[in-house]
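Take a look at the structure set out below.
The values are calculated or read from the model by the stated rules, or taken from the named source; none is laboratory data. What you see is a predicted model, and the numbers here were worked out from it, not measured in a lab. Because the Cβ atoms are built from the backbone with ideal geometry, glycine has one as well, and the counts that use them run over all protein chains shown. For accessibility, only protein heavy atoms count, side chains too; no ligands or nucleic acids. Shrake-Rupley method; radii C 1.70, N 1.55, O 1.52, S 1.80 Å.
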Amino acid sequence: MSSSTGPYPAGPAPAEGVAPKPARKLLIRTWGCQMNVYDSGRMADILAPLGYAPTESAEEADMVILNTCHIREKASEKVFSDLGRLRETKKARAAEGRQTVIAVAGCVAQAEGAEITARAPWVDIVLGPQTYHRLPEMVARASRAAGAVIETDFPAEDKFDHLPEARAPQGPVAFLTIQEGCDKFCSFCVVPYTRGAEFSRPAAAILAEARQLAANGAREIALLGQNVNAWAGASPDGHTWRLARLLRELAEIPGVARLRYTTSHPRDMDDDLISAHGEIPSLMPYLHLPVQSGSDKVLAAMNRGHKAELYIRLADRLREARPDLALTSDFIVGHPGETSADFEATMRLVERIGFAGAYSFKYSARPGTPAASQPGPVAEAEKDVRLQALQAVLRRQQDDFNRACVGRVVDVLVTGTGRHPGQVAGRSPWLQPVHATGAAPVGAVVSMQLRAALPNSLSATMAHEESAAA
Ligand code: 5AD
Ligand code: SF4
């Protein structure tokens, strides 16, 4: 599994008959988490009224936004190499008398604001995740002025209040950010510094956005937050709701066939949320629960605030509530102080729990985080060995999980046409890509029989066609 997303396909071109604005093109490239994918969509929404229509070509783009991720070192370096290429494009366009505004958004911008403009002075705008609503003003200033505009402060006001209602027609799958930031301060992680303190949107605003998404055709809503299950929002009844209650309310919205939430912290999996997995039929049987390590000693060094046993207890209770639940996870190998015995404890935990998929990483020191100055660094070569061993087990578990699905009849949400003519593409309850021969409208939830597990997808036949043919 890869942890980055490609260029974000921004909203559609303005409808015919809408007052013509000067035709301008916007390219947004998105790295990192689904929160960034969501933010990219909102930035496209904010810029659409200024006449920016999406493009995927840097040569065509009057404005380029790199929406970045700082969570691992490689991601920030990729941003700088992309910026190097954009410098050439900007020069070539300038030679033809065309202006190009280059913006860096997201967590790299938050963490390295001034360094970006020092290393890449051709960048016009640097904006942190809390300042997207100021984008139109910054674009206007950047188009007029020489000198970069840097906006990365955490303002007191809620950035969500300033964003326009998402108007762009959405596909059948929509992301909805309900929570931002993190107060957990894991030793290795930059998020508490780049995204700031935990903040939960009020329930009424989330429900209103979900209703609008459903009215625009969304059938599956994925709730997003760095610590999504820490959500504790003001509710219309004056009480603070937790995530389980919010999910129950969202499940009542007509048209919403599927709910998910990501990413969760084990310490915030409360009893009601575990029960919700057994009680809300539209809550998909799937949970991404980062484990990071299976060693109590490393978990303590990571400041996770719990022992490995908590993962086992949670996995067992979740599966009791929802027996077909698939768990996915994140792992880090080679955190400072991790011995081979600690790594073996991670391997044992993986075998004990069993995962349907996982992301795994070699620890990389992030400047300013506590782990960066912890003793006992692990040699790169040793990290490589551990990562390969871990990934081999995780890959086998993923293959086993996919193969075990073959033969089952499951609901597939149709998301588009397949790679070959006459095919539809969709996703299973466990987020596996599925393709099947036949026709069904985008947004339909179709009963399909899974027939074969291919390397990156499952093939299926439409169950009703089967029975019609029988
Ligand atoms: N080194 C390696 N992996 C990291 N992650 C976060 N910070 C680091 C780091 N410094 C991983 C964690 C997290 C995922 C999003 O990225 O596993 O859950
Ligand atoms: Fe980072 Fe830990 Fe917060 Fe997750 S819980 S965002 S890993 S600090």
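Using only the Cα atoms of region 25-124, build the gyration tensor, take square roots of its eigenvalues as a ≥ b ≥ c, and label the shape rounded, prolate or oblate: rounded if a/c is under 1.5, else prolate if a/b is larger than b/c, else oblate. Oblate is the answer for region 25-124, as a/c is 1.5 or above yet b/c matches or exceeds a/b.
3J(HN,Hα) along region 355-360, derived from phi through the Karplus expression 6.51 cos²θ - 1.76 cosθ + 1.60 where θ = phi - 60°, amounts to 10, 8, x, 6, 9, 9 Hz, with x in place of Gly and Pro.
Taken over the chain, the convex hull of the Cα atoms encloses 162 Å³ per residue. Set Lys and Arg Cβ to +1 and Asp and Glu Cβ to -1, take the dipole of the chain about its Cα centre, and tell me which of Val445, Cys69, Leu224 lies farthest positive. The listed residue farthest towards the positive side: Cys69. Within the chain, Cys33, Cys69, Cys107, Cys182, Cys405 have no other Cys Cβ under 4.7 Å of their Cβ and so lack a disulfide-compatible partner by this rule. For the chain, the 222 nm mean residue ellipticity estimated from helices alone, with every DSSP H stretch of n ≥ 4 adding -39500 (n - 2.57) and the total spread over all residues, rounds to -11000 deg cm²/dmol. The fraction of accessible area contributed by carbon and sulfur in region 184-308 is 53 percent, rounded to a whole number (1.4 Å probe; ligands and nucleic acids excluded). Note on Ala389 and Asp268: their simple-model spin labels are 3.3 nm apart, each label 7 Å out from Cα toward Cβ. Across the accessible surface of region 20-64, with the other protein chains kept in place and a 1.4 Å probe, carbon and sulfur atoms take up 56 percent. Distances between placed amide hydrogens fall under 5 Å for Arg451 paired with Gly407, Ser459, Ala460, Thr461, all partners being 5 or more residues away or on another chain.
Taken along the Cα-to-beta-carbon direction at a fixed 7 Å, the label points for Ala140 and Thr437 span 5.8 nm. Remark on Ala105: its backbone amide H falls under 5 Å from those of Leu66, Asn67, Thr68, Leu127, a criterion applied only to residues 5 or more positions apart or on other chains, H modelled at 1.01 Å from N.
Would you mind getting me the FRET efficiency between Glu309 and Arg211? Use the beta-carbon distance for r and R0 = 45 Å, nearest 0.05. Taking R0 as 45 Å, the efficiency between Glu309 and Arg211 is 0.65. Rounded to the nearest Hz, the phi-derived 3J(HN,Hα) couplings of region 272-278 under the Karplus curve 6.51 cos²θ - 1.76 cosθ + 1.60 (θ = phi - 60°) are 5, 5, 5, 4, 4, 5, x, where x marks glycine and proline. Applying 1/(1 + (r/R0)^6) with r as the Cβ-Cβ distance of His420 and Glu60 and R0 = 41 angstrom yields a FRET efficiency of 0.85.
Over the chain, accessible surface divided per residue gives 43 Å², non-protein components excluded, 1.4 Å probe.
In region 70-119, the portion of solvent-accessible area held by carbon and sulfur atoms comes to 51 percent [1.4 Å probe, whole percent, DNA, RNA and ligands not counted].
Tell me whether region 259-387 comes out rounded, prolate or oblate; compute the Cα gyration tensor, take square roots of the eigenvalues as a ≥ b ≥ c, and use a/c under 1.5 as the rounded threshold. Since a/c reaches 1.5 and a/b is larger than b/c, the shape of region 259-387 is classed as prolate.
A straight line joining the Cα centroids of region 234-248 and region 398-466 runs 35 Å. So how far apart, in nm, are the two label points at Glu252 and Ala197 if each is 7 Å from Cα heading toward Cβ? Each label point lies 7 Å from its Cα, and together they span 3.2 nm. Computed on region 327-417, with alpha-carbon pairs under 8 angstrom and 6+ residues apart, the relative contact order is 37 percent.
The 3J(HN,Hα) values that the Karplus relation (6.51, -1.76, 1.60; θ = phi - 60°) gives for region 378-391 are, in residue order, 9, 4, 3, 4, 5, 4, 4, 4, 5, 4, 5, 5, 5, 5 Hz. Gly and Pro appear as x.
A DSSP coil position with no more than 16 other Cβ atoms inside 10 Å describes the following trypsin sites (Lys or Arg not before Pro) in region 353-456: Arg408, Arg419. Here's how it looks for Phe361: its modeled amide H is under 5 Å from those of Phe331, Ile332, Val333, which are all 5 or more places away or on a different chain. Taking the Cα centre of the chain as reference, the dipole from Cβ charges on Lys and Arg (+1) and Asp and Glu (-1) amounts to some 720 debye.
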